[in-house]
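Enquirer: Input: one structure, supplied below.
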Amino acid sequence: MEGTGKRPWSDLPPEILSMIGDRLHTRMDVLRFRGVCSSFRSSIPRPGHDASRFPFRIPTNTPRSALFLRASTVYAVETPDGTASSGRARWLLKLEESEPGRMRILSLFSRQRIAYLPHEFPEVLDSLQFRIVEICREYTLEYGGGTGGLVQGVRKVVMHPDCVGSDVDRCSVYFIDGKGRLGYWRYGDENWSHIDDSQGGGYDDIAVYDSRVCVVDQFGSVSEIDSSFGLQSLSPPIYSGNHRGSGGFWKQLVVSSGDLYLVDRYTESIAYTEKTRPTCDFRVYRLDRQWGRWEEARSLGDSAFFLCKHCSFAVSALELGGGNGNCIYYTEDTYSHYSMEIVKVFSLADRSIKWLMYSDWCARLFQLPNGHA
C-alpha cells in the first residue's frame, strides 16, 4: 500500500478556500491568506485600502463644518531574525492610512502623532517579512475630514459591522456623548439619532463583543444595542445604589480571548473635576456568559490591558517582546494637546502603580522589554 504524502495547500478545493476566506475578518489576514499561492489569491478579492473608505462623511445638522468618521488600526509587529541588534523585536503600532500606501504613526493612547522613533525601528514594514497581527480598530469623529479637530463631547465611537468584508453602506456608527447618552447613525440616515433610554444617559463605555454592540453604565450593567436600536440587558449591575460612590469612578470594556471584561477605575477624592483625579486602584471583572453575571478577575494571566483614550484592547505578553502580563497600561487624562503623555502601569499582582517616564516610554514606545518598570 502506497504511503500518502502531504498534499500542497494549493490542492484545497475552491469551495473550501472560499469558506476560509469568508471567515477572515481583518485586512492583514486577507493579505497573508492571498500571499500563500495563486489558488488562494484567486479565491477571495484583495481588500480595499482604508484611505479609499475613510474618512467618510456623515450627514449632520451641525452648522460648523462637515463631520467625518476616521479609522486607525493597532498592530503587533514582529521583526525577522537578524533585523534587530538583540535578535527579534516586537512592537505595538497604531497606524492610520492617510492615502493609499502612506501611513502615519499615532500614539497608542491618543491621536497625537509620533514625532520620535527609536533608532532601531525599521524604515520599511514588509508584510511578507514581518509578522503583523491586527489587534483592534479605533474610530473617531472629526470635523472637516481630519483638518478641523476631534468632535468635542464625543467620548467613544464604534462601527458595526467592522470587518474587512463589510461594506460601508451596510454599517452603523454608535457613540457615547459627553453626557453619557447613546447615539447612532445608520448608513443612509440624514442625521444622528439618540437611542431612547429610560436612564437618560449615564453610560461610560461602548464596545463590540461577540458581534454585538455593548454598552456599560455607571453601575456596571451591560446592555446590547439590538438591530432595532433598542437596549437588551446582558448582565446585572456590579454595584447597587444610585451614585458612583458604590463603585469606581469610570468603567471601560475590554475584550480578551473571547471574553468580555469590565475595568473599574478608582480615583483619589482630591478634586471634583474628572481630569484632576489621579487613579489609585483598578478592579477587573469577567462576564460569565452562561450565568449572566460578573466575576472578579484576580489575575489577567499573560495578558496586558491597554486603556486608551478612544479604544481599549488586550495584548498577550508574547506580543510584548517577553514583557510582563497581568497589568494595565493607561494614561491620566490630564495632558494638553502640546504636553507629553504620562503613561502608567498598574500591576494586578501587587496592586502597585508605576510611572513610565517620558524618556523611557519613547525609547520603548512600541517595544516593551522584559519587565515594565
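Enquirer: Given the criterion more than 26 Å from the chain's Cα centre (by Cα), modelled with pLDDT of 70 or more, polar (S, T, N, Q) and surrounded by 19 or more Cβ atoms within 10 Å (Cβ to Cβ), identify the matching residue among SER43, SER38, SER72, SER10.
Expert: On inspection, the qualifying residue turns out to be SER43.
Enquirer: Taking GLY144 as the residue in question, decide whether it is at pLDDT 70 or above, on the phi > 0 side of the Ramachandran plot and out of contact with any helix residue (DSSP H, G or I) (no Cβ under 7 Å at 6 or more places or on another chain).
Expert: no
Enquirer: Which of (1) assigned to a loop (DSSP other than H, G, I, E, B); (2) at pLDDT 90 or above does GLY200 not meet, given it meets every other one?
Expert: Result: GLY200 passes all but (2).
Enquirer: If you check every pair at least six apart or on different chains, which have Cβ atoms under 9 Å apart with a residue in the range 186-197 that is closer than 17 Å to SER227 by Cβ and surrounded by 10 or more Cβ atoms within 10 Å (Cβ to Cβ) first and a residue that is of a type in the set (Asp, Glu) and modelled with pLDDT under 85 second?
Expert: TYR187/ASP167; TYR187/ASP169
Enquirer: Scan the strands (runs of 3 or more DSSP E) fully inside the range 275-370 and keep the ones with 1 or more residues being within 27 Å of GLU134 (Cα to Cα) and at pLDDT 65 or above.
Expert: Fully inside the range 275-370 and qualifying: 279-288, 303-307, 312-316, 327-331, 343-347, 353-356.
Enquirer: Can you report the number of residues in the range 218-236 which are over 18 Å from ASP288 (Cβ atoms), of a type outside the set (Gly, Ala, Ser) and in a loop (DSSP other than H, G, I, E, B)?
Expert: So the answer is 3.
The values are calculated or read from the model by the stated rules, or taken from the named source; none is laboratory data. Predicted, not measured: the structure shown is a model, and the values here were computed from it. Here Cβ is always computed from backbone atoms with ideal geometry, including for glycine, and neighbour counts include all displayed protein chains.
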